[in-house]
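Read through the structure below, which is laid out as structure tokens, and then see the notes.
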Amino acid sequence: MRPRSKIKGSSSSLAVGIIVAIILAIVMVGFYLYPFIFHNRTVTLTKNGMTPNNVEVYNALSTALGNSYRVIALNGTDANGLLVFGSVKDPILFINYSSLYYIQKSALVKVYPPGSMQYWGNLSYDLAVLRLVPAKYHVASAVLMNTTGLDYTGGNYTLTLLGTFSHGSSVFIPSYPADGYTVMMFVTPPRPPVNNTVNDTLEALNVGMEGWPVQLTGEIYYPYSTTPYIVVQWEPYWHEVNDTWTTGEFNVWVVHPLSNGTLTETSIKLLVGGGGNGYIKDLKPGDLIEMEVTYDGNDNTVYAKVVNLNSSSTVTVALPLYSNFTVPHAGGYWTEVNAGTGNSYWNWGLVYLSVFNNVYVEIEKG
């Protein structure tokens, strides 16, 4: 075997320089592209109106739940689903950034990739999380979603979320999570929303509970709207402070904005506080919390359910709205999910968020 020839003199220096330049170029290109590559491995953006199809909407829910549960979906007339947040294909995370607006006063809302130790700590969960609030005292935020691509056609209109928390604390004894999630349906913003602000919203606390011995809602951002809308809150602290009139953990309001779409507290009417049947017991960090809010235009009734999927404890409510709310016209509307911390501050997050029109979803243990 012949020995390798040696490169001498200026040609040697030139070759070394070329090699170094190539290495530096590769490193620089890799450094530049790494966030893009990583971002596209973990996050899929909506572009040109492309969104996951119905099968992916259901599969994303199954992915978040894991093998211990199964999703049963029954389709009615004009059935459709819209995924806002969730894993459509492990480990690809879908976020509908093109129609998702953060309502916040500071950088509270944050996306954590699957299994992030920053959110989960020592908990072994390989799930992505859209954190709405950190475990801080008296903060609130919301995601306002342009769901006009999913027309309400009468019948059932449902928001389904899977929520969780990984840690928190409370000034109350015993320490128990609050203030849960608040869902708003049939919102029509009077003008295009401004992302990462609280513009065109009314921040209000305990509306309709003035004079009550116990007032439990936390801060809620009510969006301005040119149409009336429904507000349903799951307030888990009713489990600990269940006054004589409370039977569950739901607060429900209807909102009738002024003619220009703005709000005052008199625009908001409390229909029930601490209502429903049941309580969510034994909430622990990492528990998956299923919340479904359904408006049925056939009987002008709100149906809501929260289930701790780890313990199977459940709270439900069925509330006819009667003359408090008129069946909305068919068409596209916006939707909001709000979370707050109050005096019992927990880092509420979402692992799945979708809206359905005339799709009936049931989650069963596998």
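Looking only at strands (runs of 3 or more DSSP E) that fall completely inside segment 133-214, which ones have 1 or more residues that are open to solvent by 10 Å² or more (accessible area, probe 1.4 Å)? Don't jump to the end; show me each part of the working.
On the way: elements: 140-146, 156-164, 168-170, 181-187, 201-205.
Strands (runs of 3 or more DSSP E) meeting the threshold: 140-146, 156-164, 168-170, 201-205.
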Problem - Checklist (1) within 19 Å of residue 162 (Cα to Cα); (2) touching a Pro at 6+ places or on another chain (Cβ under 9 Å); (3) open to solvent by less than 10 Å² (accessible area, probe 1.4 Å) applied to residue 325, failing item - result: (1)
Problem - Unmet requirement for residue 312, which otherwise passes all of (1) among the hydroxyl-bearing types (Ser, Thr, Tyr); (2) surrounded by fewer than 19 Cβ atoms within 10 Å (Cβ to Cβ); (3) in a strand (DSSP E or B) - result: (3)
Problem - Which numbered condition residue 314 fails, given (1) over 17 Å from the mean Cα position of the chain (by Cα); (2) touching a residue at least 60 places away in the same chain (Cβ under 8 Å) - result: (2)
Fill in the blank from the handout: Checking 287, 282 in turn, the sole residue that is of a type in the set (D, E, K, R), over 29 Å from residue 106 (Cβ atoms) and out of contact with any Pro (no Cβ under 8 Å at 6 or more places or on another chain) turns out to be 282
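Does residue 125 satisfy being outside any loop (DSSP other than H, G, I, E, B) and touching a residue at least 24 places away in the same chain (Cβ under 8 Å)?
Working: outside any loop (DSSP other than H, G, I, E, B): no; touching a residue at least 24 places away in the same chain (Cβ under 8 Å): yes.
When the stated conditions are applied, residue 125 does not pass them.
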Practice task
Considering only segment 333-366, state which residues are over 19 Å from the mean Cα position of the chain (by Cα), assigned to a loop (DSSP other than H, G, I, E, B) and farther than 20 Å from residue 273 by Cβ.
Solution key: 366
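Does residue 112 satisfy the criteria of being among the aromatic types (Phe, Trp, Tyr), out of contact with any Asp or Glu (no Cβ under 7 Å at 6 or more places or on another chain), over 15 Å from residue 289 (Cβ atoms) and surrounded by fewer than 24 Cβ atoms within 10 Å (Cβ to Cβ)? Talk me through it step by step, then tell me what you get.
Details: among the aromatic types (Phe, Trp, Tyr): yes; out of contact with any Asp or Glu (no Cβ under 7 Å at 6 or more places or on another chain): yes; over 15 Å from residue 289 (Cβ atoms): yes; surrounded by fewer than 24 Cβ atoms within 10 Å (Cβ to Cβ): yes.
Judged against the criteria, residue 112 is a match.
Going by the structure shown, is residue 123 buried (at least 24 other Cβ atoms within 10 Å of the Cβ) and of a type in the set (A, V, I, L, M, F, W, C)? Write out each step before concluding.
Values: buried (at least 24 other Cβ atoms within 10 Å of the Cβ): no; of a type in the set (A, V, I, L, M, F, W, C): yes.
No, not satisfied.
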Handout entry: Condition broken by residue 262, with the remaining ones in (1) open to solvent by 10 Å² or more (accessible area, probe 1.4 Å); (2) in contact with a Gly (Cβ under 8 Å, 6 or more places away or on another chain); (3) modelled with pLDDT of 95 or more; (4) hydroxyl-bearing (Ser, Thr, Tyr) satisfied
Key = (2)
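Being in a loop (DSSP other than H, G, I, E, B), under 24 Å from residue 313 (Cβ atoms) and open to solvent by 10 Å² or more (accessible area, probe 1.4 Å) is the filter here; which residues of segment 219-252 pass it?
Result: 240, 241, 242, 243, 244, 245, 246, 247.
When you scan segment 32-104 for strands (runs of 3 or more DSSP E) that lie fully inside it, which ones turn up with 1 or more residues that are modelled with pLDDT under 90 and either loosely packed, with under 12 Cβ neighbours inside 10 Å or of a type outside the set (Asp, Glu) (or both)?
Working: elements: 69-89, 92-95, 100-103.
Of the strands (runs of 3 or more DSSP E) lying wholly inside segment 32-104, those with at least 1 residues that are modelled with pLDDT under 90 and either loosely packed, with under 12 Cβ neighbours inside 10 Å or of a type outside the set (Asp, Glu) (or both) span 69-89, 92-95.
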Problem - Subset of segment 270-296 that is surrounded by fewer than 16 Cβ atoms within 10 Å (Cβ to Cβ) and touching a strand residue (DSSP E or B) at 6+ places or on another chain (Cβ under 8 Å) - its residue that is farthest from residue 124 (Cα to Cα) - result: 277
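The values are calculated or read from the model by the stated rules, or taken from the named source; none is laboratory data. Model, not experiment: these values are computed from the prediction. Cβ coordinates were reconstructed from backbone atoms using ideal geometry, including for glycine residues, and neighbour counts include every protein chain displayed. Surface accessibility is based on the protein's heavy atoms, side chains included, excluding ligands, DNA and RNA. Shrake-Rupley method; radii C 1.70, N 1.55, O 1.52, S 1.80 Å.
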